[in-house]
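Report on the structure given below.
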Amino acid sequence: MTLRLFDTGAQSVRDFLPLVEGEVGIYLCGATVQAPPHVGHVRSAVAFDVLVRWLRRNGARVTLVRNVTDIDDKILAKATAADRAWWAWALSNERAFTAAYDALGVLPPDYEPRATGHVPAMLELMGRLVERGHAYAAGPGDVYFDVRSWSQYGSLTNQRVDDMMDVPEDAGSGKRDPHDFALWKAPRPGEPATASWDTPYGRGRPGWHLECSAMAHRYLGEEFDIHGGGLDLRFPHHENEQAQSRAAGYGFARYWLHNGWVTQGGAKMSKSLGNGLLVTTVLEKAPAVVVRYALTAVQYRSMLEWTDDTLTEAEATWERLAGFVQRAAERVGPATDDEVARAALPAGFAAALDDDLNVPAALAVVHETLRAGNSALAADDDAEARAAMVALRGMLDVLGLDPGSPQWSAAAGDGRTALALDALVRAELDARAAARSARDWATADAIRDRLTAAGVVVEDSSTGARWTLAAPATHLSEDN
């Protein structure tokens, strides 16, 4: 495996050498389901989906674990404000995230554990830390990790403890040091009794950081290959995860990968800033594959500035890619799924993805192939056109953007609607061709105008007329 990845812990690009040859274990911090997802939330899932697809394309057996944080301070507060049970509030938002992942073509994880389903594993890890002298009870239900007890605390983010800021959410009068963080929290006044569990240290609920260490250990073992998440999780979340896991005697993650934010006006997209674009709202304005392209096209560690032009540009590019695949399939026949899966990918594309998933460089190769394919179609070189189509689809499949896949093709799902539409439009085009042959230009123009009004774009070529659906208008207002 020639893959090289930027490891946050090492602050450098490293050769990726899995713990077990041919197998890769990945833990990805998933959603805290306090609200429905905006496009900033789903960028991480899309970015790591490309990594998983590339690893699997190269023959690795990947185990992806993506957790769901279904209990925390914000979930409880928002559920109370909405006068709903906290677990019902969490579940409704979890389903919204799942729908967003599915809509954007994100492959499902191998395991998707919820925090509330792994309390025994958390208690076991917490007990181990207490026994080893790295954690202490500070009162009924409150347990803290002692950061001074672990000399390597701060190593992930290259910080000294004394230079760190305190974390307000973990403030408590029983802490020995203001930098200590909560493993377990006693119930707060007004919180429902169902949001806490009995423990040897008193009744309470999990701290945010403990859950991920416990679930990573449960599904990937004491040591695994990659831990991923958004850039904002490096501190304190991932720093605390690493500290408590290694203090417990586990090797934990060997590589740390962090994706950049989606920004608007240079600010991180977030609910608190009021600049969140809900996935459901965005999908009303553009096809899901266009949103996927916009999120994928930027290298995963780079910031993605979301503007009014983001989807417009992505849609124009997608139409060129999908249009070529459709024209080539009409000329030489569609490629089979097996052909796409086995397609030899251009060396430049593979080299780009092996270089820390450099998707922009990989897309440059995709567009070179697109140009070659269009030239082959124009020159009636069917063999070259087919080779370009198969290679293009193979590359886009790695990026989760194959136009011929069931996820994105016009005939996805049942397909009867697409077939019926094609038959009706073809009948209109045949009538138009007959009118043109008879030099009945008025009738021919009327048919074309009728199709245009219905959202059908007609393109005339030397091989006859072909049609596509007009792209929907994409306008993002500040109100979104």
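The values are calculated or read from the model by the stated rules, or taken from the named source; none is laboratory data. Because the structure is predicted, anything quoted here is derived from the model rather than measured. In this analysis, Cβ positions are derived from the backbone assuming ideal geometry, glycine residues included, and neighbour counts consider all displayed protein chains.
Details
- Reported count of residues in the range 1-48, each being assigned to a strand (DSSP E or B) and touching a Gly at 6+ places or on another chain (Cβ under 8 Å), is 5.
- Every residue from the range 180-195 that is buried (at least 21 other Cβ atoms within 10 Å of the Cβ) and either touching a His at 6+ places or on another chain (Cβ under 9 Å) or part of a loop (DSSP other than H, G, I, E, B) (or both): ASP180, PHE181, ALA182, LEU183
- Matching entry among TYR136, TYR153, TYR144 (being within 33 Å of the chain's Cα centre (by Cα), in a strand (DSSP E or B), modelled with pLDDT of 95 or more and crowded, with 18+ Cβ neighbours inside 10 Å): TYR144
- Near pairs, Cβ below 7 angstrom, 6+ apart or cross-chain, from the range 323-342 (crowded, with 20+ Cβ neighbours inside 10 Å and among the small types (Gly, Ala, Ser)) to any residue that is in a helix (DSSP H, G or I) and modelled with pLDDT of 95 or more: ALA328/GLY373; ALA328/LEU377; ALA328/ALA385; ALA328/ARG386; ALA328/MET389; ALA335/MET389; ALA335/VAL390; ALA335/ARG393
- Subset of the range 245-261 that is modelled with pLDDT of 95 or more and over 26 Å from GLY133 (Cα atoms) - its residue that is surrounded by the fewest Cβ atoms within 10 Å (Cβ to Cβ): GLY260
- Inclusion of LEU129 among residues that are in contact with a strand residue (DSSP E or B) (Cβ under 7 Å, 6 or more places away or on another chain), part of a helix (DSSP H, G or I) and either over 18 Å from HIS237 (Cα atoms) or of a type outside the set (Asp, Glu) (or both) is warranted.
- Residue count for the range 79-106 satisfying the condition of being closer than 24 Å to GLU284 by Cβ and either of a type in the set (D, E, K, R) or in contact with a helix residue (DSSP H, G or I) (Cβ under 9 Å, 6 or more places away or on another chain) (or both): 15.
- Of all residues in the range 285-318, those being crowded, with 18+ Cβ neighbours inside 10 Å and of a type in the set (Asp, Glu) number 1.
- Condition broken by GLN242, with the remaining ones in (1) surrounded by 20 or more Cβ atoms within 10 Å (Cβ to Cβ); (2) over 30 Å from LEU304 (Cα atoms); (3) of a type in the set (S, T, N, Q) satisfied: (2)
- For the range 354-409, a residue qualifies if it is touching a strand residue (DSSP E or B) at 6+ places or on another chain (Cβ under 6 Å) and part of a helix (DSSP H, G or I), but none of them does.
Residues checked against (1) over 27 Å from LEU401 (Cα atoms); (2) assigned to a loop (DSSP other than H, G, I, E, B); (3) within 15 Å of the chain's Cα centre (by Cα); (4) among the basic types (Lys, Arg):
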| residue | (1), (2), (3), (4) |
| --- | --- |
| PRO236 | yes, no, no, no |
| ASN240 | yes, no, no, no |
| GLN244 | yes, no, no, no |
| HIS258 | no, no, yes, no |
| VAL282 | no, no, no, no |
| TYR300 | no, yes, yes, no |
| GLU315 | no, no, no, no |
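- Qualifying residue in the range 211-231 (condition: surrounded by 14 or more Cβ atoms within 10 Å (Cβ to Cβ) and farther than 30 Å from ALA60 by Cβ): no
- Checking the range 33-50 against the condition returns no match, with no residue being touching a Pro at 6+ places or on another chain (Cβ under 8 Å), farther than 30 Å from GLY202 by Cβ and hydrophobic (A, V, I, L, M, F, W, C).
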